[in-house]
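What follows draws every value from the coordinates through simple rules; no lab data is involved. Here the structure is a predicted model, which is why all the values come from computation and not from measurement. All Cβ positions, glycine included, derive from the backbone under ideal geometry; neighbour counts span all protein chains shown.
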Amino acid sequence: MSDLPKKNKHSSLQKEDPNLRGTLISVLLLGTFIAVSWFGVFAIFVSR
Amino acid sequence: MHLHKYEKIWLIFGVGSLLLFLTIIGFGAFYKGLQPQSHMMTIDPENVEAYDAFKQENLGVTKVNDQKYIVNVVATAFNFDLGKNEDGTPLKEIRIPKGATVLFQVTTKDVVHGFSIAGTNVNMMVEPGYISSYETKLDKYGEFTLLCNEYCGLGHHLMSTKVEVY
Amino acid sequence: MINEKLQLTKKDTRLSMAFIYVAFISLLIGGLMGLLQTFVRSGALTLPWGINYYQILTVHGVILGLVLTTYFIIGFQYALMKKTVGITIKERKIAWIGFWIMLVGTIMTAVTILLGKASVLYTFYAPLKAHPAFYIGLALVIIGSWVACFVNFHQLFRWKKDNKGEKSPLLAFMVVINMLLWLIATLGVAATVIIQFIPWSLGYAETINVLVSRTLFWYFGHPLVYFWLLPAYMAWYAIIPKVIGGKIFSDSLARLSFVLFLMFSIPVGFHHQLTEPGIDPTWKFIQVVLTFMVIIPSLLTAFSMFATFEITGRRKGFTGLFGWFKHLPWKDVRFFAPMIGMLAFIPAGTGGIINASHQLNAVVHNTIWVTGHFHLTVATTVILTFFGVSYWLVPVLTGRKLTKKINNLGLIQTVVWAVGMSFMSGSMHIAGLLGAPRRSAYSTYGGTEQASDWIGYQIGQAIGGSILFIGILLMIYIFINLAFFAPKGNEEFPLAEEEKDAEPTPKFLENWKLWIGLTVVLILFAYTIPFIDIIVHSPAGSPPFDWPIGNQ
């Protein structure tokens with residue numbers, strides 16, 4: 001991607017990643033909700 | 001394209017879960033033979049009697065042996081035809097012993113119907129020109145509802161029958 | 001830098017508002033039908049004057065699923081395109097032609113349904129036969145919407161020509177993706193309506209190939225739901241950050257997810273046909289795998305949304321794990337309504353994954369669970385985002401202001417909607433797992449115990465439906481206020497920007513030939529062999545059946 005027009009000079013060092021700990025926990029909770037629901041219906045399918 | 005470290009974790013977790021789901025259903029479908037109903041046999045909807053299973057005398061429950069039953073049904077708006085008993089009155093109930101293997105074979109003479117036994121995995125689309133078939137074991141005692149669950153016209157909600165597992 | 005060319009003029013606002021008026025009129029009519037349905041189903045009401053349950057169900061589905069959504073989306077997208085790439089006089093003229101074609105089609109279809117000649121529901125499955133005017137009207141709606149596609153394509157094409165080498169504006173890129181998706185998808189439904197249904201309903205063709213018509217319908221039916229969803233995603237990615245005082249999290253990831261939606265939302269229609277005979281189960285499974293691919297861009301979106309909120313909150317100085325969440329602008333309806341929509345997408349998307357899971361589909365197929373599912377997706381996630389957009393878009397278009405009072409009423413409206421939908425959709429999901437069917441008038445099913453268990457949930461739906469109808473009345477009041485009575489003024493058109501030091505977007509994301517090419521390849525891969533199979537192994541076609549729907 002080095003051939004791209006540089007919109008702004010990367011002043012000094014690499015930018016540091018922002019703190020997204022809350023985001024990570026939120027999406028992991030979301031993922032857990034999906035998995036639990038899916039296995040719930042899977043269990044219904046198997047039990048019928 | 002830059003991905004945040006946590007986004008990578010999330011994608012691995014998310015895509016990993018999707019792969020797990022796919023593996024489970026793929027294993028069920030291809031190894032255990034638990035495919036969704038996908039019968040490939042065609043039939044002339046204006047002459048379903050040409051097919052043995054849908055001759056008037058073969059409709060309804062047929063006992064093959066103690067462990068195996070066949071249920072043949074012709075759907076029309078707005079009725080499931082289960083055949084007639086000795087004195088010629090139409091049968092209105094399906095009775096199956098618990099634990100027996102049951103093969104359901106269904107076709108339609110007119111429009112698209114649904115064939116669903118609530119509370120079981122028997123849930124098929126029934127389309128003109130095709131036979132729908134599904135084999136299963138009914139493992140719970142009780143009274144179930146066989147109903148049409150695809151809109152077939154103004155009397156759609158009246159299209160139902162009782163299924164007794166004894 | 002404010003570009004004169006990109007300011008909305010009276011002529012632009014009139015165009016967008018024309019579409020949005022039709023959308024809100026549809027909301028009122030369709031919502032009323034929905035209310036009546038829940039009453040009939042709970043056994044509390046018998047419709048007067050010989051009106052049939054399935055007639056109002058057809059009105060409800062067609063007018064909310066097809067009319068409201070399509071009109072709002074096109075009106076919204078014209079406003080976005082004008083603000084980002086402009087519109088020429090000629091483009092605007094052609095856009096109006098599209099509007100009138102769509103309107104004629106809509107009225108034709110609506111009249112046919114109201115006369116009781118088309119109680120076939122919005123999926124119009126053959127061989128139930130409606131009056132030909134129903135199908136011709138639908139075809140006109142689709143053709144009119146194609147005009148909007150080509151106008152939008154031309155707008156971006158013209159902008160690219162005038163701004164060689166520059167990255168297209170994010171929202172214009174998204175609009176063009178959505179309209180490409182729509183164009184490619186509607187080819188399927190146009191083919192079945194124009195080639196199969198119209199000649200057959202007019203009597204020129206004796207029979208119809210039912211499975212081919214269903215397959216073409218569902219080739220369209222799944223991307224249709226993404227056509228509804230993507231404009232909501234546009235608002236989430238590129239409008240909401242501005243509303244909450246932040247920046248776009250990542251321009252590249254936003255574009256990437258839209259490209260993935262284009263590629264993977266079409267070759268997946270079989271997951272609506274999982275329990276049908278005549279389709280090879282291996283091909284069903286292949287399309288199930290492709291369906292799972294289209295979940296990935298939504299996973300990306302979930303992360304981007306939370307990240308936008310967290311970064312914005314932390315920048316404002318809110319620390320702790322969830323301080324940023326607590327301090328989101330919950331009292332700003334332009335944020336609150338779409339946010340509730342986003343949260344609703346968590347159970348909505350989960351339900352979608354379950355529906356698409358091959359043999360698991362037998363648990364929920366054609367049960368009222370499915371109705372509960374899409375009342376969360378389109379009737380909560382999408383519609384609350386559209387309401388959230390309306391709070392600023394309508395005043396922008398009418399030269400008025402969103403007042404504090406209307407803002408607060410909007411907050412109440414959103415809560416009413418969320419509560420009503422929790423009751424309605426919640427009852428639907430549970431009843432569906434118990435086997436209760438969708439699309440069914442009141443019935444005791446021969447008095448089985450199972451059926452009597454469902455009645456309680458049907459009453460729950462009626463309670464939810466009544467609360468939702470209050471929500472609709474509130475929204476209509478808000479719309480009328482914003483369109484005609486709110487004080488004159490300049491409402492902000494919130495267009496989010498990238499971070500000053502954002503990483504440049506890779507050029508390949510705008511390689512249209514590549515994305516369209518891959519989309520076509522995937523469609524051909526997923527459909528060619530099974531489709532040939534369906535045609536080669538076809539049974540005799542079906543004659544029309546008009547008596548079951550009372551259309552003799």
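Which numbered condition trips up C:Asn490, out of (1) surrounded by fewer than 16 Cβ atoms within 10 Å (Cβ to Cβ); (2) farther than 24 Å from C:Met234 by Cβ?
Every condition holds for C:Asn490 apart from (2).
Here's the yes/no breakdown for (1) basic (Lys, Arg); (2) closer than 18 Å to C:Thr215 by Cβ; (3) within 14 Å of chain B (Cβ to nearest Cβ):
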{"position": "C:Glu499", "(1), (2), (3)": "no, no, yes"}
{"position": "C:Pro504", "(1), (2), (3)": "no, no, yes"}
{"position": "C:Val520", "(1), (2), (3)": "no, yes, no"}
{"position": "C:Ile534", "(1), (2), (3)": "no, yes, yes"}
{"position": "C:His537", "(1), (2), (3)": "no, yes, yes"}
{"position": "C:Pro544", "(1), (2), (3)": "no, no, yes"}
{"position": "C:Trp547", "(1), (2), (3)": "no, no, yes"}
{"position": "C:Gly550", "(1), (2), (3)": "no, no, yes"}
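I'm trying to understand the selection: among the residues of the range C:100-133, which are away from chain B (no Cβ under 14 Å) and touching a residue at least 60 places away in the same chain (Cβ under 8 Å)?
C:Leu103, C:Thr106, C:His131, C:Pro132
Report the residue count in the range B:109-166 for those that are over 19 Å from C:Ile208 (Cβ atoms) and either more than 7 Å from chain C (Cβ to nearest Cβ) or assigned to a strand (DSSP E or B) (or both). Walk me through how you get there before you give the answer.
If we filter the range B:109-166 for residues that are over 19 Å from C:Ile208 (Cβ atoms), which is where we start, we get B:114-124, B:131-149, B:154-166.
From what is left, the residues that are either more than 7 Å from chain C (Cβ to nearest Cβ) or assigned to a strand (DSSP E or B) (or both) are B:114-117, B:120, B:122-124, B:132-148, B:155, B:159-166.
Final tally of qualifying residues: 34.
What's the total number of residues in the range B:44-66 that are of a type outside the set (A, V, I, L, M), outside any helix (DSSP H, G or I) and under 21 Å from B:Thr136 (Cα atoms)? Steps first, answer last, please.
Restricting attention to the range B:44-66, the residues satisfying the condition of being of a type outside the set (A, V, I, L, M) are B:44-47, B:49, B:51-52, B:54-58, B:60, B:62-63, B:65-66.
Applying the additional criterion that residues be outside any helix (DSSP H, G or I) yields B:44-47, B:51, B:55, B:60, B:62-63, B:65-66.
Next, only the ones that are under 21 Å from B:Thr136 (Cα atoms) stay: B:60, B:62-63, B:65-66.
Total meeting the criteria: 5.
Looking for something assigned to a helix (DSSP H, G or I), at the interface with another protein chain (Cβ under 7 Å from one of its Cβ atoms), of a type in the set (S, T, N, Q) and surrounded by fewer than 21 Cβ atoms within 10 Å (Cβ to Cβ) - is there at least one such residue anywhere in the range C:443-456? Even if it seems obvious, please write down each step before you answer.
Here is the first cut: in the range C:443-456, the residues assigned to a helix (DSSP H, G or I) are C:445-447, C:449-456.
From the residues that got through so far, the ones that are at the interface with another protein chain (Cβ under 7 Å from one of its Cβ atoms) too are C:445-446, C:449-451.
Within this subset, residues satisfying the condition of being of a type in the set (S, T, N, Q) are C:450.
If we keep only those that are surrounded by fewer than 21 Cβ atoms within 10 Å (Cβ to Cβ) as well, we get C:450.
Yes, the range C:443-456 contains at least one residue that is assigned to a helix (DSSP H, G or I), at the interface with another protein chain (Cβ under 7 Å from one of its Cβ atoms), of a type in the set (S, T, N, Q) and surrounded by fewer than 21 Cβ atoms within 10 Å (Cβ to Cβ).
Looking only at helices (runs of 4 or more DSSP H) that lie completely in the range C:276-361, which have at least 2 residues being facing chain B (nearest Cβ under 8 Å)? Can you show your working first?
On the way: elements: C:281-293, C:296-315, C:323-326, C:333-355.
Answer list for the range C:276-361: C:281-293, C:296-315.
Among the residues of the range C:168-200, write down those that are more than 28 Å from the chain's Cα centre (by Cα) and either part of a loop (DSSP other than H, G, I, E, B) or surrounded by 23 or more Cβ atoms within 10 Å (Cβ to Cβ) (or both).
C:Trp200
Go through the range B:5-31 and give me each residue that's at the interface with chain A (Cβ under 10 Å from one of its Cβ atoms) and farther than 14 Å from C:Leu299 by Cα. Steps first, answer last, please.
Within the range B:5-31, the first condition is being at the interface with chain A (Cβ under 10 Å from one of its Cβ atoms), and the residues that meet it are B:5-7, B:9-11, B:13-14, B:16-18, B:20-21, B:24-25, B:28.
The answer is B:Lys5, B:Leu20, B:Phe21, B:Ile24, B:Ile25, B:Gly28.
What are the residues in the range C:420-435 that are of a type outside the set (Gly, Ala, Ser) and over 21 Å from the mean Cα position of the chain (by Cα), if any?
So the first thing to find is which residues in the range C:420-435 are of a type outside the set (Gly, Ala, Ser), and the list is C:421, C:423-424, C:428-430, C:433-434.
Result: C:Phe423, C:Ile430, C:Leu433, C:Leu434.
Check the range B:34-45 and report whether any residue there is crowded, with 18+ Cβ neighbours inside 10 Å, on the phi < 0 side of the Ramachandran plot, more than 17 Å from the chain's Cα centre (by Cα) and within 11 Å of another protein chain (Cβ to nearest Cβ).
Yes: the range B:34-45 contains one or more residues that are crowded, with 18+ Cβ neighbours inside 10 Å, on the phi < 0 side of the Ramachandran plot, more than 17 Å from the chain's Cα centre (by Cα) and within 11 Å of another protein chain (Cβ to nearest Cβ).
Hey, among the residues in the range B:19-43 that are touching a helix residue (DSSP H, G or I) at 6+ places or on another chain (Cβ under 6 Å) and in a loop (DSSP other than H, G, I, E, B), which one's nearest to B:Glu127 (Cα to Cα)?
B:Ser38
Go through (1) under 26 Å from C:Ala436 (Cβ atoms); (2) away from chain C (no Cβ under 12 Å); (3) assigned to a strand (DSSP E or B) for B:Lys98 and report which single condition fails.
All conditions pass for B:Lys98, except number (3).
Just checking, which of C:Leu15, C:Leu27, C:Leu57 is farther than 30 Å from C:Val151 by Cα and assigned to a helix (DSSP H, G or I)?
Going through C:Leu15, C:Leu27, C:Leu57 in turn, the sole match is C:Leu57.
Step by step: first the residues of the range B:106-142, then only those that are more than 17 Å from B:Asn47 (Cα to Cα) and in contact with a helix residue (DSSP H, G or I) (Cβ under 6 Å, 6 or more places away or on another chain), then the one that is surrounded by the fewest Cβ atoms within 10 Å (Cβ to Cβ). Which residue is that?
In this case the residue turns out to be B:Asn121.
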